[in-house]
Structures are given as structure tokens and as C-alpha cells.
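Readers should treat all values here as calculations from the given coordinates under stated rules, not as data from a laboratory. Just so it is clear, the model here is predicted, and its values are computed rather than measured. Note that we place each Cβ from the backbone using ideal geometry, even for glycine, and neighbour counts take in every protein chain shown.
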Amino acid sequence: MTELLLKLFVKGHRDTSDARVRESYGKLSGITGIVINLLLFTIKIIAGTLAGSISIIADAVNNLSDSGSSVVTLISFKISGKPADAGHPYGHARMEYVSGLIVSIAVMFLGLELLLNSVRKILKPQELVFSWLVVSILIISILLKLWLCIFYGKLSRAIRSEAISAAMIDSRNDILATAAVFVALLVSKFTGFNTDGWMGAAVAIFITISGIKLIKDTVSPLLGTAPSKEMVDRIYRKIMSYDGIVGLHDLTVHNYGVDKYFASVHCEVSADQDILVGHDIIDNIERDFLEDLGIHLVIHLDPVITDDERINNLKSKVDSLIKEISPEISIHDFRVFFGITHSKLIFDVVVPFDFKYDDEELIEIISGKISGIDESYRAVITVDHHYVPDFHK
């Protein structure tokens with residue numbers, strides 16, 4: 001069914017890297033959600049009225065709000081598909097994350113509302129009116145929501161959408177809520193014990209917790225998260241494949257929506273190499289990254305001395321003492337100015353954000369160890385922090 005809908009309403013649906021195809025996925029998701037949830041709202045209102053069940057009526061209102069969430073998703077994909085402009089030079093793709101956050105907040109508040117209604121029902125229980133018509137409506141509701149959940153899941157995986165993924169989780173919660181109502185109705189019919197409020201409360205707690213987790217998951221990309229290990233590996237391997245590049249550091253990657261990446265990095269080249277040759281190398285790398293990976297990459301060129309045996313040996317010693325302090329840290333941009341009374345060792349040290357020493361403590365420790373090599377050595381240290389996970393120490 002999902003494949004048929006994609007063929008009918010999404011032209012070139014297999015090319016999910018195309019922005020227009022992605023927007024069409026979002027529109028299909030939103031429109032389908034609106035139609036299914038309005039249908040569910042209508043039939044559940046009928047069932048809740050016939051059964052006199054507050055939990056069924058609350059579940060119906062939940063479906064009505066889900067239609068509103070689908071409208072939000074529909075609008076967000078329309079906005080996120082807009083090209084970059086003067087006010088938003090990085091594009092509008094993050095609007096999809098905003099949509100996911102709105103849906104997540106709605107899930108949490110609906111869970112709290114259902115919990116409140118369920119507590120009222122526990123304190124003042126009302127007799128449920130059993131009918132097979134109501135049972136049939138609830139079964140149909142569960143099956144429709146199950147199909148919608150699977151539908152959302154396939155679409156979210158195809159285009160890696162946080163917004164549609166949030167809608168999928170919401171649909172799963174709706175299945176559990178309706179199933180709980182269904183069980184409560186059967187228990188009341190065959191045992192005489194009214195569990196309507198208790199079932200509603202259990203499901204409400206689960207939905208609220210899911211909403212909180214969804215909020216956390218959708219806020220992260222808005223705040224800015226570290227790139228995946230696979231992306232970092234791919235960037236390192238590709239840059240180091242170019243002749244003339246001897247090292248790289250200070251990689252940063254910013255995400256402005258799915259497959260919307262902007263990055264910067266420092267690339268080390270031999271100081272003896274002609275500057276025009278080095279500039280040509282980084283121009284080629286920047287162009288290739290945009291064409292091959294869709295990453296807007298900016299490179300800072302760092303010349304390093306590679307043929308001075310004295311400096312190389314000294315750098316090797318500093319590398320060793322740095323590893324003695326912790327294998328989590330590393331150095332780059334190592335330079336030495338030799339003087340008559342003392343020599344300056346200038347370099348950057350890269351540490352993770354949760355490192356056991358603060359910056360001042362670390363500088364003091366490293367400076368002490370460098371003085372242990374030779375009392376005339378003075379360390380001039382700049383502390384950097386990882387903007388991406390360091391998989392290449």
C-alpha cells in the first residue's frame with residue numbers, strides 16, 4: 001500500500017536525495033495523517049458516546065490533535081523545501097526539526113491530559129456500556145493506526161525525517177492507548193470490574209514519557225550534534241587521499257537539515273611546498289567535497305616543517321609525554337623558536353569537553369613535563385576542544 005501511494009503521489013520517489021522528492025514525501029505524510037486521524041476522530045467519538053467511556057472520548061480528541069500535528073508536518077516540509085535566501089543563507093531545512101519538536105511537545109501534553117482525565121475517572125468511575133459495535137470500532141481504529149504507524153516508519157527511514165519519525169512514535173502510542181481502552185471494556189463486560197481509569201492512567205504515563213524522550217531527540221539536532229563516526233571517517237579518508245596533504249585537524253561539521261552540511265578543517269602541507277600548489281590542492285578538495293558528498297567545505301592551509309630532524313625529534317618527545325598524560329588528547333601546529341637562553345615550543349593541544357583536567361591545570365602539567373626534557377624549554381600552549389568525536393588519534 002505504501003509503495004502504491006508513493007508511486008501515485010511522489011514522482012521519482014526512489015531519488016530521496018532530491019529536495020523536491022523529499023518535500024513530496026512530507027506532503028504525502030501530512031495529508032495521509034490528516035485524513036486517517038480525522039476518520040479515527042469521527043468513529044471514536046461515536047464509540048465513546050455509545051459506551052459512555054471518557055478514555056475513548058479522550059482517545060478521539062487525541063486523534064483530532066494528531067490531525068493538527070499532520071498539518072504542522074505538512075507546512076514544515078513546504079517551508080523546509082524553500083531554497084536559501086538573504087535572510088536564511090543556509091536554507092530552511094531545519095524547519096523539519098521544529099515540526100518534530102512541536103509534535104513531540106503535543107505528545108507529552110496529550111499524555112498529561114489523558115493522565116488527568118484518567119485520575120478523575122478513577123476517583124469517580126462511571127459504568128461502561130458494552131456493545132459489539134463499539135468493540136468493532138475500536139478494532140478498526142487499532143488496525144488503521146497500525147497501518148499509519150508502519151506507513152510513517154517506512155517514510156521516515158526513506159528520507160531520515162525526525163518529524164515523520166515523531167509522528168510514527170505518536171501513532172504507536174495511539175495504538176497502545178486504544179488497545180488499553182479495548183481491554184478495559186472487555187474486562188468490565190466479563191468481570192464487572194471497571195478498569196477504564198486505571199488503563200487510561202497507565203497508557204498516559206507511557207505516552208508522557210515517550211513525549212519527553214521525543215522532545216530530547218528532536219531538540220538535539222536544533223542545538224547542533226556531533227557528526228557520526230561514519231561521516232568523520234569518510235571526511236578523513238577523502239582528505240588524506242590527496243597528494244600533498246600530510247595531516248589535518250580542527251574539523252568542524254554543522255548540520256542545517258538532513259544532508260545539508262557545512263564544514264571547515266585545517267589541512268597540513270609541507271612548508272617547503274609552493275604556496276600556489278598548496279592553494280590548488282585545497283581548491284580541488286573543496287570542489288570535490290561539494291560535488292561528491294554535498295558538503296560545503298572550507299579549508300585553512302597550515303604549513304608544517306617536515307624536514308628538520310631536530311624539530312621532528314622534539315615533536316616526537318612532546319607527543320610521547322602528551323600520551324603519558326592521557327591517550328584522549330593530541331597536539332597539532334607544533335612550532336619551535338630556538339633562542340640563546342631559552343626556546344619556545346608552540347603548539348595546540350586538543351582535549352575532549354569532559355576531560356579530567358581543566359584547561360589551566362592541563363597547561364601547567366604539560367609545561368612541567370616539557371621543562372623536564374630541558375629546563376630552557378618554554379611551552380606556549382593553546383587548548384582546543386573537540387567539535388567532532390576524535391576517531392583518528
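Each residue, residue 135 and residue 90, gets one label point 7 Å from its Cα in the Cβ direction; the gap between the two is 5.6 nm. Taking amide H as placed 1.01 Å from N in the peptide plane, residue 295 has its amide H under 5 Å from the amide H of 290, each at least 5 places away in sequence or on another chain. Between 297, 52, 206, the Cα set farthest toward the positive side of the dipole of the chain (charges on each charged residue's Cβ, about the Cα centre) is that of 52. In the range 72-125, a dipole from Cβ-located charges (positive for Lys and Arg, negative for Asp and Glu) runs towards its positive end, and of 77, 118, 90 it is 118 whose Cα lies farthest in that direction. With percent of Cα pairs over 32 Å apart in mind, check (i) 27; (ii) 53; (iii) 36 and report the label derived from this structure. Calculated percent of Cα pairs over 32 Å apart: the matching label is (ii). The slack in the chain from residue 126 to residue 356, taken as 0.36 nm per residue of separation less the alpha-carbon distance, amounts to 76.9 nm. What the Cβ-Cβ distance of residue 276 and residue 313 gives, at R0 = 35 Å and to the nearest 0.05, is a FRET efficiency of 0.70. The calculated 222 nm mean residue ellipticity attributable to helices in the chain amounts to -22000 deg cm²/dmol, summing -39500 (n - 2.57) over DSSP H runs of n ≥ 4 and dividing by all residues.
Quick check: net charge around residue 69, other residues with Cβ under 12 Å of its Cβ, Lys/Arg +1 and Asp/Glu -1? For residues surrounding residue 69, the net value is -3.
Using a Förster distance of 30 Å, how high is the FRET efficiency between residue 189 and residue 39, based on the Cβ-Cβ distance and rounded to 0.05? Can you show the working numbers first?
On the way: r = 26 Å, r/R0 = 0.86.
Rounded to the nearest 0.05, the efficiency is 0.70.
A simple charge model with +1 on the Cβ of Lys and Arg, -1 on the Cβ of Asp and Glu and nothing else charged puts the dipole of the range 2-223 at about 280 debye relative to its Cα centre. Considering only beta bridges that DSSP places wholly inside the chain, some 40 percent are antiparallel.
Amide H to amide H distances under 5 Å link residue 248 with 268, where only residues 5 or more positions off or on other chains count and H is placed in the peptide plane. Rounded to whole numbers, the Karplus 3J(HN,Hα) couplings from phi for the range 256-273 are 10, x, 4, 6, 10, 10, 10, 9, 9, 7, 9, 10, 8, 10, 5, 5, 7, 6 Hz, using 6.51 cos²θ - 1.76 cosθ + 1.60 with θ = phi - 60°, and x at Gly and Pro.
Nearest 20 debye, what's the magnitude of the dipole of the range 1-128 about its Cα centre given +1 on Lys and Arg Cβ and -1 on Asp and Glu Cβ? About 100 debye. Hydrophobic long helices, here whole DSSP H runs in the chain with Kyte-Doolittle means of at least 0.5 and Cα atoms spread over 27 Å or more along the helix axis, are found at 19-51, 54-80, 95-123, 132-159, 162-191, 196-223.
Label reach from residue 337 (point 7 Å along Cα→C-beta): in the range 369-386, amide nitrogens under 13 Å belong to 378-381.
Under the classification rounded if a/c is under 1.5, otherwise prolate if a/b is larger than b/c and oblate if not, where does the range 229-385 fall, given a ≥ b ≥ c as square roots of the Cα gyration tensor eigenvalues? It comes out oblate by the Cα gyration axes.
If only the Cβ of Lys and Arg carry +1 and only the Cβ of Asp and Glu carry -1, the dipole of the chain around its Cα centre is close to 2640 debye.
Only one residue of 65, 365, 276 has its Cα farthest out toward the positive end of the dipole of the chain, where Lys and Arg carry +1 and Asp and Glu -1 on Cβ, and that residue is 65.
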